[in-house]
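Only the coordinates and a few stated rules stand behind these numbers; no lab work does. What you see is a predicted model, and the numbers here were worked out from it, not measured in a lab. FYI the Cβ positions are ideal-geometry reconstructions off the backbone, even for glycines, and counts take in every protein chain you see.
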Amino acid sequence: MKTSEEGLRFIMQQEGCVLHPYEDVVGNLTIGVGHLIVEGEEFPDRITEAEALDLLAKDVARFEEAVNSHNLDLSQAQFDALVDFSFNCGEGALAKLLSHGLDAVPNQLPLWNKAGGRVIGALVRRRAAEVEMWNS
């Protein structure tokens, strides 16, 4: 499966777009639409919106692959919710979330509301929106 246009808009709405490197809420260096800058990856002081969208496409493809690797029978909305969740929390978190079974996903998503050991309001809202997406 592939992320829908609605799913991409959701990720962009949740992440925002910052065209220069910045530290996220837990101090990870980030750029564009939530692209985590990994060690050895270099960026100029500023990127264009087109470059940010290219990074987003590559990142989303990675998380689509992660969701698809679980061979689940999902609706488009459920797929989009899991891609957003894994985009935000990573492949390991996705595996942990899914270890409880598909029926548990709506109850498990809200538990992933912390960053740096503390509850983050934006994550509470994001998880609630993912549950709403999942159930639509």
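Key figures for this structure:
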{"item": "Degrees, to the nearest 10: 76-89 long Cα axis against longest axis of the chain", "result": "50"}
{"item": "All aspartates and glutamates inside 14 Å of Lys2 as judged from Cα atoms, apart from same-chain residues fewer than 8 positions distant", "result": "Asp59, Glu64, Glu65, Asp73, Asp80, Asp84"}
{"item": "Inter-label distance for Val25 and Met12, nm, one decimal - labels placed 7 Å from Cα along Cα-to-Cβ", "result": "2.3"}
{"item": "0 to 90° range, to nearest 10: angle between helix 5-15 axis and the chain longest Cα axis", "result": "60"}
{"item": "DSSP-assigned coil residues among trypsin sites (Lys or Arg not before Pro) in segment 5-68, each with at most 12 further Cβ atoms within 10 Å", "result": "Arg46"}
{"item": "Calculated [θ] (222 nm, deg cm²/dmol) that DSSP helices of n ≥ 4 give over the chain, each run adding -39,500 (n - 2.57)", "result": "-16500 deg cm²/dmol"}
{"item": "Pairwise label distance in nanometres, Arg118 with Asp103, each label 7 Å out on the Cα-Cβ vector", "result": "3.8"}
{"item": "Principal-axis tilt of helix 49-68 within the chain, Cα atoms, nearest 10 degrees", "result": "30"}
{"item": "The chain, relative contact order [Cα under 8 Å, separation at least 6], %", "result": "22"}
{"item": "Positive-end residue, segment 5-135 charge dipole about Cα centroid, Cβ charges, pick of Pro44, Gln108, Leu29", "result": "Gln108"}
